[in-house]
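Read the structure below first, then the notes.
The values are calculated or read from the model by the stated rules, or taken from the named source; none is laboratory data. Nothing here was measured: the structure is a model prediction, and the numbers come from that model. Cβ sites come from the backbone with ideal geometry, for glycine too, and all protein chains shown count toward neighbours.
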Amino acid sequence: MIMSAYQNKVLRIDCTKQETRTEPLNMEFAEKYVGSKGLAIRYMYEDMKPGIDPLGPENNLYLTTGPMTGTPIPCSGKLSVAAKSPATGTMNDCSIGGHAGIRLKFAGYDMVVFEGQMDKPTYIVIEDDKISFHDAADLWGKTSHEAEKALIEEYGTEFSCLSIGPAGENLNNISCINSDYYRQAGRGGIGAVMGSKKIKAILIKGTQGVKVPNIKETTDRILEIFHENCLSEDNEFVFDEGTYAFLEACNDGGILPAHNFSAATDVNWDKYNGAVMKKYRLGKRGCGSCGLGCGNFMKVGDAIVEGPEYETTAASGPQCDIVSIEHNVRFNQVVDDLGMDSISAGVTVAWAMEMAEKGIHDFGVHFGNEEEMINILYDMAYRRGEGAELADGVKVASEKWGGTDFAMHSKGLEFPQYEPRGSFGMAASYAVSDRGACHMRSYTANEEVFEASCPPYTHEGKGQVLYDLGEFNAIKFSCCLCDLWGTVDYAIMAELLTLITGKEWTEEDMSTVGRRVLNIGRAFNQREGFTREHDTVPERLFKDPLKGGPADGQVMTKEGFQDMLSQYYEIMGWDENGCLPQELIDTL
Amino acid sequence: MKIKITMRGTLKKYMPGEEYRIVEVPDNCTCDEALQCIGMNYREIPRFGFVVRNGKRCFIYDRLEEGDELKAWSQVSGG
């Protein structure tokens, strides 16, 4: 059936031939996966052969909206950016805020697929049905912010710009894509995929709209939900401090990682927390259709950023024994400008610092030294000197130089900033996540620490927690809703989808779609050869007791960890090897 | 005995305008009992999160000592 709120159009851009074509959106996929994340993964599974080189012409880059994109539904301004990851070899979908998603939808597309590769640097302009290719020789080599500034000055602020920096151009595994200066599709080397296609930037402008069956009924109800549920006091912290609120909560809860995941508390946390941030904050910013405005627009010295977020602050601060909000902001600006993921960059440098501390190899960075840390970021982005050794993240570096036990990654994606020995479920969450260590799949820290609804230092019962949270986020992000609308539930999602698409959706449907999205991600990876043996975490979690905080002394057992995996596989209907049976694959 | 109580997140509304409060509570009381001394029953707060004693997360039934700092968090969603 044709559903409202979709544009029913996919744009395919053949970069090799510099040709474009459109096709109707596969509505069977839309009904099964809704949009954004789930839809992108399903198309990837359909389009791409297993075993392709993530940096070769056969890897596609997908920009995917959802039915809610471009509507007044709060927190619906996200855009899914997906491709096979050069860092992990798995599927990879990222979520980027700002306004690019809405403009893409207004240009008339549910999805844009970039296929093939160009032979010279190019930027692409999408303006409704006019698609044009432009020489980017003058932009290649510029930082992400420099490129966006030059292009927006030429084209105007009615365009959104997605761009890469030197890290993406140099095909670094930890490179990201920037948009609206301060928003990133960060993880898994997604910037390198764009760089491999020689796309420096993508400009998007749209002048169309989104059709829904009954605009008055729809907007009235959206406004009610917005005021009743989204603008509730439970979400107030998002506007007040944004993700800075997690610093104190994670420190109190014993999951704020420090010294390259050796400790989980920082006695200096109050020197760079939300109260300090407010002294530097110029104002608040939000994405298109956002009702919460999490962004803290800050200026410290010459550095201007929207952020740093919790992840960036922890990765650049306590992980590297640096106590300075000025440093956190500067780090944030530098990695954004160079087009590097702040989580992966911070964790990689923290690992390099520990390598020097242990006397294994000196990359020129040492715990507590801000200048060394900032300097090596440039060398990583441009692949110079010791920085070149760190340019592809901790997996690649540790396999060459040693230190694998404390190279904090799963499947090649660096750990987010939640210490698993203070929240055992997070270890399994990182391990089974379809794109490598990710906190946006099953965020068990919420149940184990923030809600205290299940005990944190045990493996028992965690398979169900993993599943419930993973299913929820899978449908939430397939609706293209922002993570920070923390009170949204299946009933609201189903009601909103029903209103805008004209098709009846139920809470049970939300659960079914969420499960299906988890399965298609795993099926993609299974086709690439991933099995249980790849669902791993570093030895540090089993060998080194955690230092400090409420989880002081905690260490995990391998048996307990493996049991969490088994519990989860069983709930998912996968075999003991973590593989989907063919009859399950056939339903996808 | 006297302890210091702080509210975080949405629980701040239970101590409006106060950064913290010094409270007289029964000796050897639990975190739960201490919170009840300021009229707060965590069972009736739908999004009550966790409690922290002297900077470290603890259980709601853990016992307190003279001079302790008790912090109560609401749930924090997202990340």
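Observations
- Scanning region A:270-292 for residues that are in a loop (DSSP other than H, G, I, E, B) and either among the polar types (S, T, N, Q) or touching a helix residue (DSSP H, G or I) at 6+ places or on another chain (Cβ under 9 Å) (or both) yields A:Y272, A:N273, A:G286, A:C287, A:G288, A:S289, A:G291, A:L292.
- Region A:123-173 - residue that is among the polar types (S, T, N, Q), assigned to a loop (DSSP other than H, G, I, E, B) and farther than 30 Å from A:N8 by Cβ and, of those, nearest to the chain's Cα centre (by Cα): A:N173
- When A:F415, A:F367, A:F424 are checked against the criterion of being of a type in the set (F, W, Y), crowded, with 24+ Cβ neighbours inside 10 Å and more than 14 Å from chain B (Cβ to nearest Cβ), A:F424 stands alone in meeting it.
- Residue check: A:V449 meets all listed conditions (1) within 11 Å of another protein chain (Cβ to nearest Cβ); (2) in a loop (DSSP other than H, G, I, E, B); (3) hydrophobic (A, V, I, L, M, F, W, C) but one, namely (2).
- Considering region A:318-349, and only residues there that are over 17 Å from A:H439 (Cβ atoms) and of a type in the set (G, A, S), the residue that is surrounded by the fewest Cβ atoms within 10 Å (Cβ to Cβ) turns out to be A:S324.
- Residues in region A:455-475 that are more than 10 Å from chain B (Cβ to nearest Cβ) and part of a loop (DSSP other than H, G, I, E, B) were compared, and the one that is nearest to A:P550 (Cα to Cα) is A:Y457.
- Region A:370-385 - residue that is in contact (Cβ under 8 Å) with a residue 24 or more places away in the chain and more than 16 Å from A:P166 (Cα to Cα) and, of those, surrounded by the most Cβ atoms within 10 Å (Cβ to Cβ): A:M373
- Some residue of region A:509-518 being within 14 Å of chain B (Cβ to nearest Cβ), crowded, with 21+ Cβ neighbours inside 10 Å and within 24 Å of the chain's Cα centre (by Cα): no
- Residue, farthest from A:E451 (Cα to Cα), within region B:1-20, restricted to residues that are β-branched (V, I, T) and assigned to a strand (DSSP E or B): B:I3
- Matching residues, region A:1-21, being in a strand (DSSP E or B) and either touching a residue at least 40 places away in the same chain (Cβ under 8 Å) or in contact with a His (Cβ under 6 Å, 6 or more places away or on another chain) (or both): A:V10, A:L11, A:R12, A:I13, A:D14, A:T20
- Identity of the residue in region A:485-498, touching a residue at least 24 places away in the same chain (Cβ under 8 Å) and either more than 10 Å from chain B (Cβ to nearest Cβ) or assigned to a helix (DSSP H, G or I) (or both), that ends up nearest to A:T243 (Cα to Cα): A:I492
- Taken over region A:220-269, residues that are at the interface with another protein chain (Cβ under 10 Å from one of its Cβ atoms), in a helix (DSSP H, G or I) and surrounded by fewer than 24 Cβ atoms within 10 Å (Cβ to Cβ) amount to 7.
- Pairs where the first residue, in region A:309-333, is away from every other protein chain (no Cβ under 14 Å) and the second is surrounded by fewer than 22 Cβ atoms within 10 Å (Cβ to Cβ) and part of a helix (DSSP H, G or I), C-beta under 6 Å, 6+ apart: A:I322/A:E370; A:V323/A:K271; A:I325/A:V276; A:H327/A:E370
- Scanning region A:113-149 for residues that are surrounded by fewer than 17 Cβ atoms within 10 Å (Cβ to Cβ) and aliphatic (A, V, I, L, M) yields a single hit, A:A137.
- Among the residues of region A:520-540, those that are closer than 17 Å to A:G89 by Cα and assigned to a helix (DSSP H, G or I) comprise A:I520, A:G521, A:R522, A:A523, A:F524, A:N525, A:Q526, A:R527, A:R532, A:E533, A:H534.
Residues are listed down the side, and each one gets a yes or a no for (1) among the aliphatic types (A, V, I, L, M); (2) in a loop (DSSP other than H, G, I, E, B); (3) at pLDDT below 95:
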position: A:A431; (1), (2), (3): yes, no, no
position: A:S442; (1), (2), (3): no, yes, yes
position: A:S453; (1), (2), (3): no, yes, yes
position: A:C480; (1), (2), (3): no, yes, yes
position: A:D483; (1), (2), (3): no, yes, yes
position: A:I500; (1), (2), (3): yes, no, no
position: A:T512; (1), (2), (3): no, no, no
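- Within the set A:Y418, A:Y457, the sole residue that is of a type in the set (S, T, Y) and under 22 Å from the mean Cα position of the chain (by Cα) turns out to be A:Y418.
- Being of a type outside the set (V, I, T) and touching an Asp or Glu at 6+ places or on another chain (Cβ under 9 Å) is a condition met by no residue of region A:232-239.
- None of A:E448, A:E414, A:E471 is touching a Ser or Thr at 6+ places or on another chain (Cβ under 8 Å) and without any contact (Cβ under 8 Å) to a residue 40 or more places away in the chain except A:E448.
- Considered as a group, the residues in region A:22-47 that are in a loop (DSSP other than H, G, I, E, B) and crowded, with 19+ Cβ neighbours inside 10 Å include one that is nearest to the chain's Cα centre (by Cα), and that residue is A:G35.
- Sole residue being within 21 Å of A:K411 (Cβ to Cβ) and crowded, with 21+ Cβ neighbours inside 10 Å, chosen from A:F561, A:F542, A:F530: A:F561
- Condition check for A:F237: free of Cβ contacts under 8 Å to residues at least 24 places away in the same chain and of a type in the set (F, W, Y): yes
- Hits in region A:427-446 (condition: within 10 Å of another protein chain (Cβ to nearest Cβ) and more than 18 Å from A:V517 (Cα to Cα)): A:A445, A:N446
- Among the residues of region A:60-102, just one is in a helix (DSSP H, G or I) and over 20 Å from A:M3 (Cα atoms), namely A:A100.
- Residue in region A:103-111 that is in a strand (DSSP E or B) and farther than 27 Å from A:K395 by Cα present: yes
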